Amino acid sequence: MRIDAPGNTQVFSKNFTPDSSWNTNSINNYLSISDKHSGNFVFETKLDSMNTLKLTTGVNLNFSKSNGDYDVENLNGETSAMINTNNRRSNDDRDQSAYNANLLWMHKFKKQYRTISVNTSFNANKSNSDGFLYSQLDFYKNDIVDSTNIIDQRNLINNTSNTIGSRISYTEPLAKDFYLEASYAFNRVDRNNVRDILAKGNGGAYNNRVDSLSNNFDYNEMSNSPGFGLRYSNKKVNINVGSSVAFTSYDQLDNTLGTETSFSFSNHFPRANISYKIKPSESVRLFYNGNTTAPSLSQLQPIRVNTDPLNQYIGNQDLRPSFAHRFSLSYDNWKMLSERNIYGGMDFSFTQNAFATFASINNAVRTSKTVNTDGIYNYSVYLSYNKKLRKANLRVGLSPRINMSQMVDFVASYNGETVKNTTKNSFYNLRLSISRDVEKNIIFIWLLILAIMWRKLR
């Protein structure tokens, strides 16, 4: 599949810091061309009455080319004096490939509900890109160019990632309607990130490596995750509680400097799910899930990315994992004879040590990194009512919804003062629907269309 995506974007924005403001006007013309190819293979066989084997494989290939022309100016928000202008031209050729395989074996024992399964997977990803960047950034003083920063470089970026993992799960009936679930998972990820930024040397060839912008990192991750769960299930009540712990170690090797950094995290994944059937057509559910997310390689590596001179990013080796909590309560009531349904509930989630952006600004040039913070949450309340009015052959529905969320980021202004920005969003929605069943008319229309097509074919 080939996709050609030309585009043009114009942006007019106003930016604020605690002690200043500036206006940004930009025009971006770009073209992206990509060729995508994918294939999948699934093989499943029942070895005997007790054993099942399933193999799933896939491959995805993506070849893309992109180029862009970007022009931007930043002006003082009070005096409209020019702060800086940036003219940037870039192009990039990128080849990406992804291969995956998954093998699942399931075994049933003679004792009812006693089972064991082993799931092993392998993923290989590779990305190679070759691009050029030319940028002229002019800084103004009294509306006259005071200094100029020119970037003329070639960007060679090669990333590889290989992942192998296996998970074994065992289910044991302890008593009537009561089950034990135990699991163990092993996962290993080997990544290599090579970023060669080359400046022009003698003769005009791009052969001078810029060490401050280049890197060659090996990043290896290994985790062991034991877990357990208890499940109780009968006609009215279904309870599932459990937890798993991932003991994860990371090794980061800087192949350029020959330095190695090692650190480890203990990630917890508690869960609880309770459902109760008040009646066969009426039930209530309570759900909780906890999830730990470790920092990514790009968030940790202390390498400056200058592909956008006005918005540069640098890694933060002090990042800690984030932990997200999610609670959900729902209620469902269905009456078949009157065809009436009521569904409602509420969701609430918050994140400890969440990943947020810390940006420092100087002359409208933003340098950012990822930091940990608290105070990020989201909650929603919703209800849905639907009923069929048989005499009028109509279906009516009413669905109100409320959603609230809060995000956090940090900004350091010209004088070095750091300000915490809290953004609150509120969403209110009320949906009213009225529909009518017209199945007989639709069947008649389809028969008419088929008759016309048959006549033309004759």
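Taking the conditions exactly as written (at pLDDT below 95 and either surrounded by 17 or more Cβ atoms within 10 Å (Cβ to Cβ) or in contact with a strand residue (DSSP E or B) (Cβ under 6 Å, 6 or more places away or on another chain) (or both)), does Tyr313 satisfy them or not? Walk me through how you get there before you give the answer.
Working: at pLDDT below 95: yes; either surrounded by 17 or more Cβ atoms within 10 Å (Cβ to Cβ) or in contact with a strand residue (DSSP E or B) (Cβ under 6 Å, 6 or more places away or on another chain) (or both): yes.
In short, yes.
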- Determine if region 157-172 includes at least one residue that is farther than 20 Å from Asp251 by Cβ, surrounded by fewer than 17 Cβ atoms within 10 Å (Cβ to Cβ), in contact with a Gly (Cβ under 8 Å, 6 or more places away or on another chain) and among the small types (Gly, Ala, Ser). no
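Select from region 111-158 the residues that are among the basic types (Lys, Arg) and in contact (Cβ under 8 Å) with a residue 40 or more places away in the chain and write down the one among them that is nearest to Asp190 (Cα to Cα). Before you say what the answer is, go through the steps one by one.
Applying the first criterion (among the basic types (Lys, Arg)) to region 111-158 yields 111, 114, 126, 141, 154.
In the following step, the residues that additionally are in contact (Cβ under 8 Å) with a residue 40 or more places away in the chain were identified as 111, 114, 154.
Numbers: Lys111: 41, Arg114: 35, Arg154: 27 Å.
Selected residue: Arg154.
Among the residues in region 131-143, are any within 30 Å of Trp105 (Cα to Cα) and either exposed (fewer than 15 other Cβ atoms within 10 Å of the Cβ) or modelled with pLDDT of 95 or more (or both)?
Step one: of region 131-143, the residues within 30 Å of Trp105 (Cα to Cα) are none.
Looking for residues that are within 30 Å of Trp105 (Cα to Cα) and either exposed (fewer than 15 other Cβ atoms within 10 Å of the Cβ) or modelled with pLDDT of 95 or more (or both), one finds none in region 131-143, hence no.
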- Task: Test Arg195 against the criterion of being basic (Lys, Arg), assigned to a strand (DSSP E or B), over 29 Å from the mean Cα position of the chain (by Cα) and surrounded by 15 or more Cβ atoms within 10 Å (Cβ to Cβ), and give yes or no.
- Result: no
- Message: Restricting to region 221-250, count the residues that are surrounded by 17 or more Cβ atoms within 10 Å (Cβ to Cβ) and basic (Lys, Arg).
- Response: 1
- Query: Just a yes or no: is a residue in region 284-297 in contact with an Asp or Glu (Cβ under 9 Å, 6 or more places away or on another chain), under 30 Å from Trp334 (Cα atoms) and not aromatic (Phe, Trp, Tyr)?
  - Reply: yes
- Which of the residues belonging to region 257-298 are free of Cβ contacts under 8 Å to residues at least 24 places away in the same chain and part of a loop (DSSP other than H, G, I, E, B)? Leu257, Gly258, Pro280, Ser296
- Task: Give the residue that is surrounded by the fewest Cβ atoms within 10 Å (Cβ to Cβ), with candidates limited to residues of region 32-74 that are free of Cβ contacts under 8 Å to residues at least 60 places away in the same chain and touching a Phe, Trp or Tyr at 6+ places or on another chain (Cβ under 6 Å).
- Result: Asp35
- Task: State all residues of region 103-149 that are touching a Ser or Thr at 6+ places or on another chain (Cβ under 7 Å), outside any strand (DSSP E or B) and charged (D, E, K, R); if no residue qualifies, say none.
- Result: Arg114
- Considering each residue of region 307-351, count those that are assigned to a strand (DSSP E or B) and either hydrophobic (A, V, I, L, M, F, W, C) or more than 30 Å from Asn23 (Cα to Cα) (or both), and give that number. 26
- Please go through region 303-319 and pick out each residue that is out of contact with any Phe, Trp or Tyr (no Cβ under 8 Å at 6 or more places or on another chain) and charged (D, E, K, R). Asp308, Asp318
- Note on the structure: Note on Leu398: of the conditions (1) surrounded by 15 or more Cβ atoms within 10 Å (Cβ to Cβ); (2) part of a strand (DSSP E or B); (3) more than 20 Å from the chain's Cα centre (by Cα), unmet is (1)
- Item | Total residues in region 76-127, condition touching a Lys or Arg at 6+ places or on another chain (Cβ under 9 Å), β-branched (Val, Ile, Thr) and surrounded by fewer than 16 Cβ atoms within 10 Å (Cβ to Cβ) | 3
- Note on the structure: Of the residues in region 286-339, those that are basic (Lys, Arg) and closer than 30 Å to Ala199 by Cβ come to Arg304
- Message: Quick check on Leu253: is it assigned to a strand (DSSP E or B), surrounded by 16 or more Cβ atoms within 10 Å (Cβ to Cβ), of a type in the set (A, V, I, L, M, F, W, C) and under 30 Å from the mean Cα position of the chain (by Cα)?
- Response: yes
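Rundown of residues vs (1) over 30 Å from Lys110 (Cβ atoms); (2) at pLDDT 95 or above, yes/no style:
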{"residue": "Ile168", "(1), (2)": "no, yes"}
{"residue": "Thr171", "(1), (2)": "no, no"}
{"residue": "Lys176", "(1), (2)": "no, no"}
{"residue": "Glu181", "(1), (2)": "no, no"}
{"residue": "Arg191", "(1), (2)": "yes, no"}
{"residue": "Val194", "(1), (2)": "yes, no"}
{"residue": "Ile197", "(1), (2)": "yes, no"}
{"residue": "Gly204", "(1), (2)": "yes, no"}
{"residue": "Asn207", "(1), (2)": "yes, no"}
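The values are calculated or read from the model by the stated rules, or taken from the named source; none is laboratory data. Since this is a predicted model, take the numbers as computed values, not measurements. Heads up, the Cβs are rebuilt from the backbone with ideal geometry, glycines too, and the neighbour counts pull from every protein chain shown.
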